[in-house]
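Note sheet for the following structure.
The values are calculated or read from the model by the stated rules, or taken from the named source; none is laboratory data. Small disclaimer: the values here were computed from a predicted structure and weren't measured. Glycine also receives a Cβ, built like all others from the backbone with ideal geometry; neighbour counts cover every protein chain displayed. With ligands, DNA and RNA removed, areas are computed over all heavy atoms of the protein, side chains included. Shrake-Rupley method; radii C 1.70, N 1.55, O 1.52, S 1.80 Å.
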Amino acid sequence: MQTAMEEAKQAALRDEVPIGAVMVDARTRTITARAGNRTIAEADPTSHAEMIVIRETSGKAGVQRLPEYDLYVTLEPCTMCAAAISFARLRRVIFAAKDPKGGGILHGAKFYEQPTCHHRPDILYGLLENESSALLKNFFREKRTKT
């Protein structure tokens, strides 16, 4: 999770919403991809950190499903990312902070609780929650004071 936090901090320096993600091969415990949000840099609303690491790992592995991979992310994934996680068949999602406004796992659509959801990964949360929450709050506080 610490590596995901580093990615989130780098995203903030690029003026992107500070969310970072890391994909880990559960068999070898090695990082296969790491990214921070890039929606502004890529002019792409789907360039969330989670989407980037899923795409990169799938591309490297040459497969669309990643059942032996774990995703570490600094904020509860949104519904779009939750769906991509399900479609990729990830083994586990570990996120730092809950997101009552935009989350799609514990909040909002609660994607994995829907009867149309075909795959539900294991979910863990709270690892580095305070650090992630503080980074996000400070980022948005600075945005509000600049306008």
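Assorted remarks:
- Qualifying residue in the stretch 114-132 (condition: among the small types (Gly, Ala, Ser) and under 21 Å from LEU13 (Cβ atoms)): yes
- Residue satisfying condition, being in a loop (DSSP other than H, G, I, E, B), more than 14 Å from the chain's Cα centre (by Cα) and at pLDDT below 95, within set HIS118, HIS107: HIS118
- Candidate set: the stretch 24-39, residues that are in a loop (DSSP other than H, G, I, E, B) and free of Cβ contacts under 8 Å to residues at least 60 places away in the same chain; chosen: the one nearest to the chain's Cα centre (by Cα): ASN37
- Look at (1) polar (S, T, N, Q); (2) under 18 Å from THR3 (Cβ atoms); (3) assigned to a loop (DSSP other than H, G, I, E, B) and you find that ASN130 fails only one, number (3).
- The stretch 59-83, residues that are crowded, with 17+ Cβ neighbours inside 10 Å and in a loop (DSSP other than H, G, I, E, B): LEU66, GLU76, PRO77, CYS78
- Test: SER86 is outside any loop (DSSP other than H, G, I, E, B), modelled with pLDDT of 95 or more, polar (S, T, N, Q) and within 14 Å of the chain's Cα centre (by Cα): yes
- Count of the stretch 22-58 residues which are small (Gly, Ala, Ser), out of contact with any Gly (no Cβ under 8 Å at 6 or more places or on another chain) and open to solvent by less than 10 Å² (accessible area, probe 1.4 Å): 2
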